[in-house]
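The values are calculated or read from the model by the stated rules, or taken from the named source; none is laboratory data. What you see is a predicted model; the values in this text were computed from it and never measured. Here the Cβ positions follow ideal geometry from the backbone for every residue, glycine too, while neighbour counts run over all protein chains shown.
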Amino acid sequence: MSEQRIKTSTPIMPKWDPTRTMKANVFYGTCDVRVETVPRPMVTHPKDALIRVTATTICGSDLHLYHNEIPEMMKGDILGHEFMGIIEDVGDQVKDRKKGQRVVVCFDIACGTCDYCKRGEFTGCDTTNDSVTMEKMYGYRLSGIFGYSHLTGGYPGGQAEYVRVPFADINTLPVPDSLPDEKVLFLSDIACTSWYANECAQVGKDDKVAIWGGGPIGQFSARWAMIRGASSVVVVETVEARRKMAESYPGVKSLNPDGIDVVETLKKMLPGGPDACIDATGFRYSKTLVHKVERTIKAETDAVDILEEIIRSCRKYGRIGLIADYVGYANHFPIGALMEKGKLSILIRGGQCPCQRYWKDLLGRIEKGQIDPSFIITHRPAFEDIPKAYATFDKKEDGMIKNFIRPPSAVAYT
Ligand SMILES: [Zn+2]
Ligand SMILES: [Zn+2]
């Protein structure tokens, strides 16, 4: 890990309360996370809130950390970036939040005042991530992220009883008591990120949409696509339980890609080919032997098998939303198919979702009953069983799609 860090507008590490402890899920190494008793954080900066977490979960992207495939993970890091709770304490300069308020916290940490934040490009926030490595890798740094390696700052995460949240006025969303945690927790990431996938792919009225990956983002993306007026959606997914969940929504079909020609099949299922495609899989999934080998020998970090399938499937002049957490470098990128095969005007957009830009609108849609995000919850493990839940989720066993987890201190209140 780089010794040198860039100065941030807020301390990365909270002050720890010397008199109190809490339970948290802590990273130890590859496929090794443990629930431990650790010090409790405190309000550290005048714009902070301290949140007592009432609900948290494991994200598909946490599995990249679990496999130690994101640079700059350190033993002892507290994981988790999807959580909500009750404000326990606020700093002197927090204006619009107060103790006792129930809020969702977004995964991305924005300052609210830099040029990126002013434009609503919150995941581009220039002042909350101190990683020199990321600047070297990407040319720029994205915002800090809770519990997501020192590449995104190294902020302690939300699989914990308490979390210190910087810039509370920007990074928390008050939620009405009429909606249970199960319906609003996912505004912390996946409900917003899947909406953003649709925004990137410009999904609109009468579109035919294909989505790769029936995990939480793929499931939500399919429903949002229909809500945005798509005529039909196909979810490409190998796991049967995930295909079943996708198909339980009117207008959504699914496709098992194993052993078939996905491009040709999609042309039949969506005549003319998909207008919009969403990649909700992940950089770790390689289909072909060549990418399996190259990832194993570290000749590349990311496999582009899925993206190649998407570029070949997408109709000419179509749109692609890329949301699948690519992190590094890939070989055999199909630049020819993108450029030459009449697809000159295919549009690819993607990236990390600025939740703060969308979450009020999406909360309104939840309040109106357009969507009930709790459909995604398949498991409710006890907090001390988080390590087991990681293992099950990682192997896609037991039909696990999304966990809903109450920390021990929350159980008494809910
Ligand atoms: Zn997430
Ligand atoms: Zn900012």
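So here's what we get for this one:
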| quantity | calculated |
| --- | --- |
| When residues of the range 1-44 are limited to those that are of a type in the set (D, E, K, R) and touching a strand residue (DSSP E or B) at 6+ places or on another chain (Cβ under 9 Å), the one surrounded by the most Cβ atoms within 10 Å (Cβ to Cβ) | ARG40 |
| THR172 vs. criteria more than 16 Å from ligand 1 (Cβ to nearest atom), under 28 Å from ILE371 (Cβ atoms) and either among the polar types (S, T, N, Q) or touching a His at 6+ places or on another chain (Cβ under 6 Å) (or both) | yes |
| Complete set of residues in the range 363-414 that are among the acidic types (Asp, Glu), under 16 Å from LEU179 (Cβ atoms) and not in a helix (DSSP H, G or I) | ASP372 |
| Tabulated pairs, the range 111-131, first among the small types (Gly, Ala, Ser), second near ligand 2 (Cβ under 9 Å from one of its atoms), C-beta under 6 angstrom, 6+ apart or interchain | GLY112/PHE167; GLY112/ILE170; GLY124/TYR116 |
| Residue ID - surrounded by the fewest Cβ atoms within 10 Å (Cβ to Cβ), chosen from residues in the range 261-319 that are among the small types (Gly, Ala, Ser) and over 22 Å from the mean Cα position of the chain (by Cα) | GLY272 |
| Considering residues of the range 92-130 that are touching a helix residue (DSSP H, G or I) at 6+ places or on another chain (Cβ under 6 Å) and at positive phi only, the residue surrounded by the most Cβ atoms within 10 Å (Cβ to Cβ) | GLY112 |
| Subset of the range 382-404 [more than 18 Å from the chain's Cα centre (by Cα), under 23 Å from SER248 (Cβ atoms) and surrounded by 15 or more Cβ atoms within 10 Å (Cβ to Cβ)] | THR392 |
| Yes/no for THR56 being within 21 Å of ARG141 (Cβ to Cβ) and either at pLDDT 95 or above or surrounded by fewer than 17 Cβ atoms within 10 Å (Cβ to Cβ) (or both) | no |
| Any hit, the range 30-44, residues being of a type in the set (D, E, K, R), within 25 Å of ILE323 (Cβ to Cβ) and assigned by TED's automatic domain parsing to the domain that holds MET400 | no |
| Of all residues in the range 133-161 being of a type in the set (Ser, Thr, Tyr) and touching a strand residue (DSSP E or B) at 6+ places or on another chain (Cβ under 7 Å), the one that is nearest to ligand 1 (Cβ to nearest atom) | THR152 |
| Residue pairs meeting the criteria (Cβ under 7 Å; at least 6 apart or on separate chains; first under 20 Å from ILE217 (Cβ atoms) and at pLDDT 95 or above, in the range 375-387; second outside any loop (DSSP other than H, G, I, E, B) and not small (Gly, Ala, Ser)) | ILE376/PHE186; ILE376/PRO216; ILE376/GLN219; ILE376/PHE220; ILE377/GLU182; HIS379/ASN403 |
| All strands (runs of 3 or more DSSP E) inside the range 34-126 with 2 or more residues being more than 16 Å from ligand 2 (Cβ to nearest atom) and in contact with an Asp or Glu (Cβ under 6 Å, 6 or more places away or on another chain) | 49-56 |
| Check on ALA324, assigned to a loop (DSSP other than H, G, I, E, B) and closer than 30 Å to LEU179 by Cα | yes |
